[in-house]
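The values are calculated or read from the model by the stated rules, or taken from the named source; none is laboratory data. Remember, predicted model here, so these are calculated numbers, not experimental data. Cβ placement follows ideal geometry from the backbone for every residue including glycine, while neighbour counts extend to all protein chains displayed. When the accessible area is computed, the model is the full protein with side chains, heavy atoms only, and any ligands, DNA or RNA have been set aside. Shrake-Rupley method; radii C 1.70, N 1.55, O 1.52, S 1.80 Å.
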Amino acid sequence: MSRSRRIRHSLLAVAAIPLVAIPIATPALAVAAVSATKTYAAESGPGYGYGYGGSVESYGGAYGGGIVDPYRQSLGTSTAAVDSEPATEAESTGVVLINTTVGYGTGQGAGTGLTITGDGIVVTNHHVVEGATSITVTDPSTGETYAATVLGYDDVHDVAVLQLEDASGLPTVATDQDAATQGEEVTAVGNAEGQGSLSAADGTVTDPSTAITVNNEDGTTAELSDLIQTDADVVSGDSGGALLDEDGEVIGMNVAATSGSAEISGYAIPIDTVLDIAAQILAGEESGDVEIGGSGAALGVQVDTTRSTLVVGVVEDGAAEAAGVTEGSTITAVDGTAVAGIDDITSVLGDHEPGDEVTVSWTDAAGQAHTATVTLGEGPVA
C-alpha cells in the first residue's frame, strides 16, 4: 500500500504530545557536554547553554525525585480515566521496555520498543532516545536487560533503530502491513507512565489516515502525517509501543496523544512506514530524512555562554577530564582551531566522530596554558 494514498493535506487542530515518561534523578552535579551538534546541560541558569532537542527540556527546579514528565498526558486538564490493564503474554510478544539516561546521569526517561529481529534490532520513536547518553532495553518476558546503541534515526517521521548488545533468540513482533480500516478493533500496548511493565488499552480506529501538529514542551511544533488515530487510551511511556489489530499483529507504532480534553485520542505510525525506514537505516543508506548513527563527538565540558568558553562543568570520564581540564578553565583551541564560543567548538567537533583524537588547548584558572591530545567521547543522541 503506497504512503501517498494515505497522506492528508490538512492538519488536525489538536494539541498532541509525544509520550515519554521522565523520572528525574537528583544529580550530585549539574554537568553537560559540548557535542558536535548541541550543548547539553542538566539545568538552566543565566547564560548556561542547554537543550535536549525537544525530548527533554531544562529541568529547572524539578530536582528531588518523583515523576516529572514534560509530556504527561493532559498536564492535569483532562477528566478522562485511563482504561487499561496488564498486557497478556500474547500482547507482549516482541514488545520491550526502554530506559534512557540523559545528561550523563542527571535524569532518566522511559518508553517502549518493538523487536523486529531475534538478534536485537528494535524500533522505537526517535523522541524516546533523543538526548540519551545511555540506553538500556529490557525484555519483559525474561527480565533480561541489554545495553543498546542507536544505529540511525529519522526525526521527521519520529523513528529510530536500536541494536541490543549480545542479544540472540529474542521473540519478535508479528506485523500486518495492510492499511488500517475505520472502526476496526485495536489494542495499544506500552510501558504506560514508565511503570516498568506493559499495559494494554483497547479501542477502535477512529481515522485510518490523519495528520497532526505535535506540541513539544520547549514550545516548538512538529507535523506528523499518515497516522492511525484511535480512541484507545495511549499515555506517556507508550511511545514506541505496539498498536495491535484484532489478530494480535502490529499495525502501528504509538507516537502521540491529545491533551486537554475529556477523551484521549492516540496516534500511531503505520508499521509499514516504520519498517521501510528501518530497512533504509539497516542498509546504511543516509538520504532524505534518515541519519545513520546516533551520537556526535563530545568534548565533555559545560561552557558558560555569557563568558566566552569558560568551563563550568566537566563530565566524569569524558575527554576533557582525561586531559586535565578543570572547572574555571577557558578552552582556547580545539584541533588547532581557535575558539571563542560554543558555536566555534561545535563547528570543529562536527568534523569528527567519537573516538577521533584531537588537540585541546586551554588556560586554567591560574592563567597557566595547557595543550593535550584527547580521544573524543560520545555525546547524547541527536
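Can you tell me the length gained on complete extension of the stretch Ser168 to Glu285, counting 0.36 nm per residue apart and subtracting the Cα distance?
Result for the pair: 39.6 nm of gain on full extension.
What does the charge count near Ala256 come to, summing +1 for each Lys or Arg and -1 for each Asp or Glu among other residues with Cβ under 10 Å from its Cβ?
Counting the neighbours of Ala256, the net charge comes to -2.
Students often get this wrong: which residues of the range 176-219 have the backbone nitrogen under 13 Å from the point 7 angstrom along Cα-to-C-beta of Glu246?
Only 181-187, 203-205 pass the distance filter.
Would you mind computing, in nm to one decimal, how far apart the modelled labels at Val156 and Thr221 are, each placed 7 Å from Cα along Cα→Cβ?
1.9
Pull out the extension gain between Ala179 and Ser197, defined as 0.36 nm times the separation in residues minus the alpha carbon to alpha carbon distance; nm, one decimal.
Value of the extension gain: 3.6 nm.
Report the full-extension gain for the segment Thr206 to Ala338: residue separation times 0.36 nm, less the Cα-Cα distance, to one decimal in nm.
41.8 nm
Ranked from the most accessible area to the least, with a 1.4 Å probe and all protein chains present, what is the order of Asp83, Asp364?
I get Asp83, Asp364, largest accessible area first.
Please compute the alpha carbon radius of gyration of the range 274-382, then divide it by the globular-protein estimate 2.2 N^0.38 Å. Two decimals is fine.
This ratio for the range 274-382 stands at 1.23.
If we count every other residue with Cβ under 13 angstrom of Thr136's Cβ, Lys/Arg +1 and Asp/Glu -1, where does the sum land?
Around Thr136, the charge tally is -4.
Could you work out the local net charge near Glu291, counting Lys and Arg as +1, Asp and Glu as -1, over the other residues with Cβ closer than 10 Å to its Cβ?
Value of the local net charge: -4.
Compute the semi-axes of the equivalent ellipsoid of the range 220-337, taking the square root of 5 times each eigenvalue of the Cα gyration tensor, and list them largest first in whole Å.
43, 20, 13
Taking the Cα centre of the range 168-303 as origin, work out the dipole magnitude from +1 charges on Lys and Arg Cβ and -1 charges on Asp and Glu Cβ, in debye rounded to 20.
520
If you average 1/r over every pair of different alpha-carbon atoms in the range 81-193 and take one over that average, what Kirkwood value in Å do you get?
14.9
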